[in-house]
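Here the structure comes first, spelled out in structure tokens, and everything after it is commentary.
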Amino acid sequence: MTARGRLAAALAEAGEVRADEPMARHTTFGVGGPADLYVTVRGAEALARAARLAAGAGAGPFILGSGSNVVVADGGIRGCVIDNRARAERADGLRYRVESGASFAGFARRMCRAGAAGLAWAVGIPGTLGGAVVYNAGAYGGCLADVLTRVRLLDPAGGGEAGWRDAAELSLAYRGSAFTRGALAGLVALEAELALEAGDAAALLAEAGGYDRRRLAAQPRGRNAGSLFKNPPDAPAWKLIESVGLRGERRGDAAISERHANFFVNLGQARADDVRGLAEEAERRVFERHGVRLEREVGFVGAW
Ligand SMILES: Cc1cc2nc3c(=O)[nH]c(=O)nc-3n(C[C@H](O)[C@H](O)[C@H](O)COP(=O)(O)OP(=O)(O)OC[C@H]3O[C@@H](n4cnc5c(N)ncnc54)[C@H](O)[C@@H]3O)c2cc1C
């Protein structure tokens, strides 16, 4: 049996395993070549088990939430992708312990309905709670750091047990954290604890509805990964991109949205290389015209 076959057999104890799985099927942008191995796990302990096995075999892992903040290379991902569908949740009063594969928007909307305040701003953000931790997801003046108290982390390569870390140790900042900046790179968020406050369900749902309407009015439909770049301090990224004449620009089926120039969209059969080409063009032109270095919010991952 090959090393890949042995790992696939071991992973089958943790979840459903597929080989050469096209990542385009699992990202909101709809681009990306095959993952060597792709395992779907449905609980935090299965996630930990799969991550340890993959790391032990030198095969990653790459943890996939909802794939809403990544552009995966046309060459795909070498090693093992773990599709995280660990979604259990328990509550102690207004303190919630939630597995990291839970839908962040779904949880936020349920909390509004239940009269638990603190997450109304999050009802339209796609992705899992794990992805929200990594990027300190935020919108309309709120961000996860406002309500996150601690996260249960696993170092799959370290082989040890998972342990809780206070949110203060994660260096959560605007669309980033110690995960994106390196100090915690490679660690897996298994669960998170959030502290909410008592609120009024009707008022929270009305507030969430307002955010839904704002989002519908501002954002393009179709396949995309949200804002491609972080907003630099002095001007929003969309304005800078528009100012260099790139609104509506196309490469193959990849395009910069006519509606919002910081949204890059897949018009059908876009290739990841075309998305990257457009991103580099925007970076180059904005730097030449404004001296501003655009920083990517979306992760470009895999075998480029
Ligand atoms: C239409 C649209 C609108 C959006 N609007 C917003 C917005 O308003 N605000 C905002 O902040 N974001 C927004 N986003 C971006 C995206 O939804 C968030 O960044 C989200 O938190 C990503 O979660 P995910 O589960 O999809 O992560 P993925 O894209 O699956 O993964 C992102 C990164 O996190 C890592 N990761 C995921 N889970 C774990 C885990 N459990 N442990 C360790 N690492 C992990 C992955 O390995 C990867 O590197 C938007 C995206 C879209 C498509």
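The values are calculated or read from the model by the stated rules, or taken from the named source; none is laboratory data. These figures come from a predicted structure and were not determined experimentally. Positions of Cβ are generated from backbone atoms using ideal geometry, with glycine treated the same way; all protein chains shown enter the neighbour counts.
Could you give every pair whose Cβ atoms fall below 9 Å, whose first residue belongs to segment 207-221 and is closer than 15 Å to Ala261 by Cα, and whose second residue is hydroxyl-bearing (Ser, Thr, Tyr) and away from the ligand (no atom under 13 Å from the Cβ), counting only separations of at least 6 or pairs across chains?
Matching pairs, first to second residue: none at all.
Can you tell me which residue is farthest from the ligand (Cβ to nearest atom) among those in segment 271-304 that are closer than 15 Å to Leu228 by Cα and part of a loop (DSSP other than H, G, I, E, B)?
Restricting to residues being closer than 15 Å to Leu228 by Cα and part of a loop (DSSP other than H, G, I, E, B), the top hit is Arg293.
Suppose we filter Ala102, Ala24 for residues that are buried (at least 22 other Cβ atoms within 10 Å of the Cβ), within 19 Å of the chain's Cα centre (by Cα), under 13 Å from Gly302 (Cα atoms) and not assigned by TED's automatic domain parsing to the domain that holds Phe263; which single one remains?
Being buried (at least 22 other Cβ atoms within 10 Å of the Cβ), within 19 Å of the chain's Cα centre (by Cα), under 13 Å from Gly302 (Cα atoms) and not assigned by TED's automatic domain parsing to the domain that holds Phe263 holds for just one of Ala102, Ala24, which is Ala24.
Just name the residue that is farthest from the ligand (Cβ to nearest atom) out of those in segment 51-63 that are surrounded by fewer than 24 Cβ atoms within 10 Å (Cβ to Cβ) and touching a residue at least 60 places away in the same chain (Cβ under 8 Å).
Gly56
Across segment 143-177, what is the total count of residues that are acidic (Asp, Glu) and surrounded by 16 or more Cβ atoms within 10 Å (Cβ to Cβ)? Even if it seems obvious, please write down each step before you answer.
First pass over segment 143-177, keeping only residues acidic (Asp, Glu): 146, 155, 161, 166, 169.
Checking which are surrounded by 16 or more Cβ atoms within 10 Å (Cβ to Cβ) leaves us with 146, 155.
Looking only at that region, the number is 2.
Has segment 64-77 got at least one residue that is near the ligand (Cβ under 9 Å from one of its atoms), hydrophobic (A, V, I, L, M, F, W, C), in a strand (DSSP E or B) and within 22 Å of Val17 (Cα to Cα)?
Scanning segment 64-77 turns up at least one residue that is near the ligand (Cβ under 9 Å from one of its atoms), hydrophobic (A, V, I, L, M, F, W, C), in a strand (DSSP E or B) and within 22 Å of Val17 (Cα to Cα).
If Tyr140 meets every condition in (1) near the ligand (Cβ under 9 Å from one of its atoms); (2) crowded, with 18+ Cβ neighbours inside 10 Å apart from one, which number is that one?
All conditions are met except number (2).
Over 27 Å from Ala206 (Cα atoms), outside any strand (DSSP E or B), within 12 Å of the ligand (Cβ to nearest atom) and of a type outside the set (D, E, K, R), is that true of Pro156? Working first, answer last.
On the way: over 27 Å from Ala206 (Cα atoms): yes; outside any strand (DSSP E or B): yes; within 12 Å of the ligand (Cβ to nearest atom): yes; of a type outside the set (D, E, K, R): yes.
Criteria met by Pro156.
Among the residues of segment 88-119, count how many are more than 12 Å from the ligand (Cβ to nearest atom) and in a loop (DSSP other than H, G, I, E, B).
So the answer is 7.
Tally time: how many residues in segment 159-180 are more than 21 Å from the chain's Cα centre (by Cα), free of Cβ contacts under 8 Å to residues at least 12 places away in the same chain and in a loop (DSSP other than H, G, I, E, B)?
Of the residues in segment 159-180, 2 are more than 21 Å from the chain's Cα centre (by Cα), free of Cβ contacts under 8 Å to residues at least 12 places away in the same chain and in a loop (DSSP other than H, G, I, E, B).
Restricting attention to segment 41-50, does a residue exist that is under 30 Å from Ala279 (Cβ atoms), touching a residue at least 24 places away in the same chain (Cβ under 8 Å) and within 14 Å of the ligand (Cβ to nearest atom)?
no
Does segment 190-202 include one or more residues that are out of contact with any strand residue (DSSP E or B) (no Cβ under 6 Å at 6 or more places or on another chain), within 16 Å of the ligand (Cβ to nearest atom) and either not assigned by TED's automatic domain parsing to the domain that holds Asp146 or not in a strand (DSSP E or B) (or both)? Quick ask: steps written out before the conclusion?
The first filter runs over segment 190-202 and keeps only residues out of contact with any strand residue (DSSP E or B) (no Cβ under 6 Å at 6 or more places or on another chain), leaving 198, 200-202.
Okay, now just the ones that are also within 16 Å of the ligand (Cβ to nearest atom), so none.
Within segment 190-202, none of the residues are out of contact with any strand residue (DSSP E or B) (no Cβ under 6 Å at 6 or more places or on another chain), within 16 Å of the ligand (Cβ to nearest atom) and either not assigned by TED's automatic domain parsing to the domain that holds Asp146 or not in a strand (DSSP E or B) (or both).
Please go through segment 78-87 and give me each residue that is at negative phi and in a strand (DSSP E or B), ordered by number.
Within segment 78-87, Arg78, Cys80, Val81, Ile82, Asp83, Asn84 meet the criteria.
Answer yes or no as to whether Ala208 is of a type in the set (Gly, Ala, Ser), under 24 Å from Trp121 (Cβ atoms) and assigned to a loop (DSSP other than H, G, I, E, B).
no
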